[in-house]
Structure formats: C-alpha cells, structure tokens
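Reviewing the structure listed below.
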C-alpha cells in the first residue's frame, strides 16, 4: 500500500514544501496485515534544536505466527509467517498481546504468536556545512507472550536491521543498540556496508545459549547522511529501513544492492521482511 502525504519543514533557510511519500510492505507476504501510521513534520514539535527539522515518522506493526515441531526431543520452528487481516481477525488481536502469568503455553503447543513493530524517523539538519544532511533512525520492537513456564520467543536465528538509500549520500554511523526482554544489552555486528549505499546490522534474535529463555526485544540504529553537492534538476531518491526475520539456527549472508535501493539475505529461504520506505528525498 502506498501512502502519500505532504510534510512541511519548520522555519529554516528553506521554506519549500517537502513531499513525504511512504511505502510500507513485506516482499514475502504482500497480503500481510500491516497496522500503519505516519506523521508529517507539521504535526510534530521539532524540539529545542530549531536547525534539526523533523521530516516525518512512520509506524508499522505486523502480526506473526510461528509453528513448531519436535525433532529428536528438541522443539524446532518449522514455519514463520506474517498474517493477513482475515487471519488476525479470526485468531483475535488479544491473542497477540503479552499473556498474563495465568495463561501458560504448554510444551505440547505447536504454535506461537507475536507482533513486530517498526518505527522509522527522519530528520533534516539545516545547520550543516554540507549541501544537504539527513539523520534517519529506526527501531524494531517485538511483543511476544512472556510466560511463566515454557516461555516462547521469536524463533532462533540471526535477524537483521539496516538502512539503504539512493542518491550517492555519504554517511557516518551514529548509534546501534539492542536489548533483550529483561533490558540487558545484546551484541550486534556489522553484516554488510557499502559506501554511499547502506549499512546493515545483524544480531541473534533468540536465546544466546542452551537453557537461555531470553530474546532480543528491541534494536535501534541511527545514521547521519550527507552530500557535499546536490545534483539538482529535481532529482529525488528513497531512504529505506528494513528488518529481516529468520527462523533457523544458521543464516546466509547479507548483500546490499549496487543497482537499486535495498538489501537481501542469501543462503536461506526461511525468512521474511518488513520494509518502510520514505521517498521523494532530494539529492
């Protein structure tokens, strides 16, 4: 689904209207039910830093169902998918909320349900020595039942969060932080980076060791993107935040596209993605 709304820059040296075009989707599940909202800059306070103008924010939430089977005495995730609207309604949204301590998933249960929320925020910095400068940030957060026994988590395997863009922007890394469901810091690593194209991080989504019941609850990243000279002529490009979820122990390798605006995970079919794209950015 494509959503287009105008976003207006706050008072600055450039008061032209900036278009705020948003695209939210899953490549693997085009019919996935995605709860989405967006806010152009004119609806949001810009804070005390008047030179740092909020272009807009994007929120996207998907509903996830994972199925399990027991192999050699060990529970294995055999499938993970994003649900359609009719499937979510049939199950009931309350089933995806945090479950109370009285509601326990037994070891015999063969499925698990949760939600993934993606928050994409884009600022433009007008107080800069560059011709143009943007500061995107993106946070992915899981909501999964917290159970007293047999606690379920998103399926084991590495997940990935990253930014990709067009327009030949340079960039500096600003921040990357991941925490588990108890608030403890989780390790991340650089899965791939391409000059003027993008940066992707990887992290272990599920338990870190045998007997561990924790999972990565949230991961957030930020960049500063800039150009010394604009091409002009009304040329525009897209900024993308993408999350890839896997559901097996081993995963392949991340590859950032050199011809388009995107990245992919090779070596495994057991994956799905959630993508937020903000387009109409000048370069």
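Residue count for the range 74-85, restricted to those that are free of Cβ contacts under 8 Å to residues at least 40 places away in the same chain and farther than 12 Å from residue 112 by Cβ: 2. Are any of the residues in the range 249-259 buried (at least 18 other Cβ atoms within 10 Å of the Cβ) and in a strand (DSSP E or B)? So far as the range 249-259 goes, yes, one or more of its residues are buried (at least 18 other Cβ atoms within 10 Å of the Cβ) and in a strand (DSSP E or B).
Scanning the range 130-165 for residues that are at pLDDT 95 or above and in a loop (DSSP other than H, G, I, E, B) turns up 130, 131.
Screening residue 281 with (1) crowded, with 22+ Cβ neighbours inside 10 Å; (2) modelled with pLDDT of 95 or more; (3) more than 20 Å from residue 64 (Cα to Cα) gives one miss only, at (2).
Matching residues to (1) in contact with a helix residue (DSSP H, G or I) (Cβ under 9 Å, 6 or more places away or on another chain); (2) modelled with pLDDT of 95 or more; (3) closer than 20 Å to residue 60 by Cβ:
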| site | (1), (2), (3) |
| --- | --- |
| 205 | no, no, yes |
| 213 | no, no, no |
| 231 | no, no, no |
| 234 | no, no, no |
| 248 | no, no, no |
| 263 | no, yes, yes |
| 267 | no, no, no |
| 273 | no, yes, yes |
| 276 | no, yes, yes |
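In the set 26, 48, 12, 86, which member is over 23 Å from the mean Cα position of the chain (by Cα) and modelled with pLDDT of 95 or more? Walk me through how you get there before you give the answer.
On the way: 26 fails: over 23 Å from the mean Cα position of the chain (by Cα); 48 fails: modelled with pLDDT of 95 or more; 12 fails: modelled with pLDDT of 95 or more.
The conditions single out 86.
The set of residues in the range 48-91 being outside any strand (DSSP E or B) and closer than 30 Å to residue 121 by Cα consists of 48, 49, 50, 51, 83, 84, 85, 86, 87, 88, 89. Scanning the range 54-73 for residues that are touching a residue at least 60 places away in the same chain (Cβ under 8 Å) and closer than 19 Å to residue 32 by Cβ yields 58, 59, 60, 62, 64, 66.
The values are calculated or read from the model by the stated rules, or taken from the named source; none is laboratory data. For clarity, every value in this text was computed on a predicted model and none was experimentally measured. Here Cβ is always computed from backbone atoms with ideal geometry, including for glycine, and neighbour counts include all displayed protein chains.
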